[in-house]
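What follows draws every value from the coordinates through simple rules; no lab data is involved. Worth saying up front: this structure is predicted, and the values here are computed from it rather than measured. Reconstructed Cβ throughout: ideal geometry from the backbone, glycine too, with neighbour counts over all protein chains shown.
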Amino acid sequence: MNFVLATTNEGKIKEISDLFKDYTVFPMPNIGYEIDENGETFYENALIKARAVQSFLAKSESDRGERNDRGNKGDRGDKGSNDNGGNMGDVSIGNASNMNDVKNIILADDSGLVIDALGGKPGVRSADFLGYSTPFSVKNDGILQLLADVPMQNRTAHFVTVIVGLMPNGEIKTALGTLSGLISLEPKGVFGFGYDPIFFVPKIGKTLAEMRMDEKNQISHRALALRQLREYF
């Protein structure tokens, strides 16, 4: 059973690969364009990403078959072509060419930070907050400025993850994970990514960025959703 991830986020790739380390996991192939995550919900965005990657792999498999047919007829024009579709990095297991197998399961997640004092923002637009290309250090500072006058007890927030498992036959498996916490008064920690430095988890007494991977994967929203899918698979 192989999984192809529909994300280029290195932090997500590391977390998912760690939790699925007994499977073959490939990071997202280079599909050649930016996926437009224009859904109104986490589920819709996850499914958009999963379908984009599945369509790319199906086309790659079809193109590879056509090249093989031409090769059998003596056409050497595509000799030495790379069917990899992207850099496998250090997280994949097994033969990279298997990534283009249409029988692979596509895993796509969409996650966001929901802050009660901001009316649920940034929410499903968490990646676009203050601009998609804006460094998360700037995004985090922006949120802290918006909450500057909000006392700690009212800085409640939730991380939400919806993960879609898109099966080769088109069947869709979904899982939801949430993690409750508070927005801290200042960024803390050097681990994690995204909004982790300002998300404080009271029951642990740390921000997510102060937790190492093994500790974070015991409680995080993404880990909870991934464990649900693992139980199914």
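Counting only the Cα atoms, region 107-154 fills a convex hull of 90 Å³ per residue. Between Glu34 and Asp22, the modelled label-to-label distance comes to 4.0 nm, taking each label 7 Å out from Cα in the direction of the beta carbon. Here region 103-232 is treated as an ellipsoid with the same Cα gyration tensor; its semi-axes, largest first and in whole Å, are 28, 16, 13. In this rough spin-label picture, where each label sits 7 Å from Cα along the Cβ direction, the Gln228-Asp116 distance is 2.2 nm. The string of couplings for region 134-140 from the Karplus curve (6.51, -1.76, 1.60, θ = phi - 60°) is 5, x, 5, 4, 6, 4, 4 Hz, one whole number per residue in order, with x for Gly and Pro. Within straight-line reach of Lys49, meaning a Cα separation under 23 Å, sit the following lysines at least 8 residues removed in sequence or on another chain: Lys12, Lys14, Lys21, Lys59, Lys103, Lys121, Lys173.
Compared with the direct C-alpha span, the chain from Ile172 to Lys103 gains 23.4 nm at full extension, assuming 0.36 nm per residue. Applying both filters, DSSP loop and at most 11 other Cβ atoms within 10 Å, to the GluC sites (Glu not before Pro) of region 146-233 gives Glu171. For region 121-172, chymotrypsin sites (Phe, Trp or Tyr not before Pro) are listed when DSSP marks them as loop and at most 12 other Cβ atoms sit within 10 Å of their Cβ; the list is Tyr132. Each principal axis of the Cα atoms in region 9-55 has its own extent, and those three values, largest first, are 32, 24, 17 angstrom.
The C-alpha atoms of region 154-217 occupy a region whose extents along the principal axes are 47, 26, 19 Å, arranged from largest to smallest.
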